[in-house]
1. Given the criteria surrounded by 13 or more Cβ atoms within 10 Å (Cβ to Cβ), farther than 15 Å from Ile77 by Cβ and free of Cβ contacts under 8 Å to residues at least 40 places away in the same chain, does Leu121 qualify?
2. If you scan segment 170-207, which residues turn out to be of a type in the set (Val, Ile, Thr) and farther than 12 Å from Lys264 by Cα?
3. Name, by its number, the condition in (1) part of a loop (DSSP other than H, G, I, E, B); (2) over 20 Å from Ile93 (Cβ atoms); (3) of a type outside the set (Phe, Trp, Tyr) that does not hold for Asp175.
4. Output the residues belonging to segment 69-93 that are under 21 Å from Lys302 (Cα atoms) and out of contact with any Ser or Thr (no Cβ under 7 Å at 6 or more places or on another chain).
5. Filtering segment 209-235 down to residues that are assigned to a helix (DSSP H, G or I) and of a type in the set (A, V, I, L, M, F, W, C), which residue is nearest to Arg260 (Cα to Cα)?
6. Between a residue in segment 97-111 that is polar (S, T, N, Q) and any residue that is surrounded by 18 or more Cβ atoms within 10 Å (Cβ to Cβ) and part of a loop (DSSP other than H, G, I, E, B), which pairs come within a Cβ distance under 9 Å, given they are 6 or more apart or on different chains?
7. Return only the number of the condition from (1) of a type in the set (Lys, Arg); (2) surrounded by 15 or more Cβ atoms within 10 Å (Cβ to Cβ); (3) over 25 Å from Gly241 (Cβ atoms) that Lys145 does not satisfy.
8. Given (1) within 16 Å of the chain's Cα centre (by Cα); (2) under 17 Å from Thr285 (Cα atoms), where does Ser187 come up short, assuming only one miss?
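Only the coordinates and a few stated rules stand behind these numbers; no lab work does. This is a predicted model, so every value here is computed, not measured. Neighbour counts run over all protein chains shown; Cβ positions are idealised from the backbone, glycine included.
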Amino acid sequence: MMKPSKPERRRFILPSFLFILFLCVLALIVEVRLDSLLKFGQCVNSFSSSQSYNSPTMVANSSSSDNDDEIRILIGIPTLADQYQRRHFLRLIYGTQSPVGAKIDVKFVFCNLTKEDQKVLVALEIMRYDDIIILNCKENMNKGKTLTFFSSLPEIFNDKNGSYPPYHYIMKGDDDTYFRFNNLVESLKPLPREDLYYGYVIPCSSMDPFKHYMSGMGYLVSWDIVEWIRESDIPKKQFEGPEDKVFGDWMRNGKRGKNRFNAKWSMYNYPEPPSTCTHELWPDTIAVHLLKNQEKWIRTLKYFNVTHDLKPSKMYHIA
């Protein structure tokens, strides 16, 4: 058999070399793509496993929850176990707000459950929304519920592995008050985070935050005051009576709340019926109080145009 000539061998070797090179390149591409797909799959699995179905309605967060400058606020709203409809309504109201530079948690607060239907329905609410605090007390308005609420918070929220304080500020707010979170946050940014007592000073005609006490529509204190309430004997000796006035007495008798902020007239009562405590609705509002019926709520929400972010959709038509 005759051996191929050198030119024929070269013509054979060159295509073979190119073919082998092509296979190497192809193998490399496949390996890179496979590795990318595996990493992508791991990322998807990690993301899926880390998501829990929390209520989007009751926790209003800024985009950077680990930011040390972020203000952490807990708003506790005293209510009764049977007031399911009111809680659901307020979840809608506050769930649409996204404060900038703050994490605001809204919790509904009531005493021990007393009926079998409550134990089922409230348990379902907790499973779905995780926004309820049940205090170890007998339901009341002015016989110590406020003391039980504030004094229970350190035990509930202090965590050795978590941030300290768990919240910079604690606010007690009425369920007939509409809070506007961004305005609340902006008003708090320049204020101290210690020994702060904040709200709408009573009497209505006064602008002096040291005059008497802050209205029950919504008053706020810094975390150190919450811890003082838990440890001090002063609140334990005087807890019966109008809860906002009694709270003001604690501040005065304990020489607490040296830093005070009167949020009047960004906080006020609904304009009708007019009184020395009312104010017309206006853009700088932090809170509107005495929204005792749906008509007043709707007028207030329309004034602040709370549905302006509603996106057009083929699924509904709202004129």
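1. On the way: surrounded by 13 or more Cβ atoms within 10 Å (Cβ to Cβ): yes; farther than 15 Å from Ile77 by Cβ: yes; free of Cβ contacts under 8 Å to residues at least 40 places away in the same chain: yes.
Against the criterion (surrounded by 13 or more Cβ atoms within 10 Å (Cβ to Cβ), farther than 15 Å from Ile77 by Cβ and free of Cβ contacts under 8 Å to residues at least 40 places away in the same chain), Leu121 qualifies.
2. Across segment 170-207, the qualifying residues are Ile170, Thr177, Val185.
3. Every listed condition holds for Asp175 apart from (2).
4. Across segment 69-93, the qualifying residues are Gln85, His88, Phe89, Leu90, Ile93.
5. Of all residues in segment 209-235, those assigned to a helix (DSSP H, G or I) come to 223-231, 234-235.
Then drop every residue that is not of a type in the set (A, V, I, L, M, F, W, C), which leaves 223, 225-226, 228-229, 234.
Working: Trp223: 14, Ile225: 12, Val226: 15, Trp228: 17, Ile229: 17, Ile234: 20 Å.
Out of the qualifying residues, it is Ile225.
6. Filtered contacts from segment 97-111: Gln97/Arg180.
7. Condition (3) is where Lys145 drops out.
8. So Ser187 meets the others, but not (1).
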